[in-house]
1. About the Cα centre of segment 63-151, what is the dipole size in debye to 20, counting +1 per Lys and Arg Cβ and -1 per Asp and Glu Cβ, all else neutral?
2. Report, in degrees rounded to the nearest 10, the 0 to 90 angle that the Cα long axis of helix 4-38 makes with the longest principal axis of the chain.
3. Cross-link candidates for Lys22: which lysines have Cα within less than 28 Å, leaving aside residues fewer than 8 places away along the same chain?
4. Compute the helix-to-body angle for 42-140: its Cα long axis versus the longest principal axis of the chain, expressed 0 to 90° and rounded to tens.
5. Take the alpha carbon atoms of segment 17-83, find their center, do the same for segment 102-118, and report the distance between the two centers in whole angstrom.
6. Please return the longest range in the chain lying between exposed loop sites, taking GluC sites (Glu not before Pro), DSSP loop only, at most 11 other beta-carbon atoms within 10 Å, and leaving the sites out.
7. If the only charges are +1 at each Lys and Arg Cβ and -1 at each Asp and Glu Cβ, what is the size of the charge dipole of segment 4-109 around the Cα centre, to the nearest 20 debye?
8. Rounded to two decimals, what ratio of Rg to Rh does the chain give with C-alpha atoms and a Kirkwood Rh?
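Since every read-out is calculated from the coordinates, none of them should be taken as a lab result. Please read these numbers as outputs of a predicted model, since none were measured by experiment. FYI the Cβ positions are ideal-geometry reconstructions off the backbone, even for glycines, and counts take in every protein chain you see.
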Amino acid sequence: MLGTKDLIKSAKELLEKEAEHKNLLEEQKKISEQVEKLGFLEKETRDARNSQTSLREKIYGLEMEMKISGELIEQLKENEKRLIAAKNSIKEIEETAKRLSKTIEQVTIFVNVLKETQALLRYSLINTVNEAMNDIWQNIYPYGDFESAKIEINETGNYEIMVKQKMGSGNGQREF
């Protein structure tokens, strides 16, 4: 892919070749006028024709170079358009990535707050249940071997119901 500098350089070369083309055409015209002024001289005519042929070849070569240069300039313009489009796409992708990153950060914060809230609610619920069980224990469990019961969360996050034995009963239950 050619850059803007190459495009400018090609354009300058094209302008120089156009100027050279005009100069050669003017030179050919001058030579033809000189031949007419001098009259018909065979050697000079042959030399002029050779010169004219040579100039025509140079003109043709310059015209071909101008055509190729023009095609190169068009290709450069197309490449420049594609490059600009790619840059714009990259910019849009970067902006989208930034927005997504912010969204992920906000969602992560929300999830953490939600987990913390869930833990607090769980703790609060267990405390409320334990207080209620203390208040009604004697009514729902009339036997004398356990004084009270409570719910706890173990290391794996599961609930455990624990009972407190009265002193002197040896049935091996866990106490809290």
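1. Result for segment 63-151 is approximately 100 debye, rounded to the nearest 20.
2. 10 degrees
3. Output for Lys22: Lys5, Lys9, Lys12, Lys30, Lys37, Lys43, Lys58, Lys67, Lys77.
4. That works out to roughly 10 degrees.
5. Segment 17-83 and segment 102-118 have Cα centres separated by 76 Å.
6. So the longest stretch without any such site is 1-154.
7. 360 debye
8. 1.84
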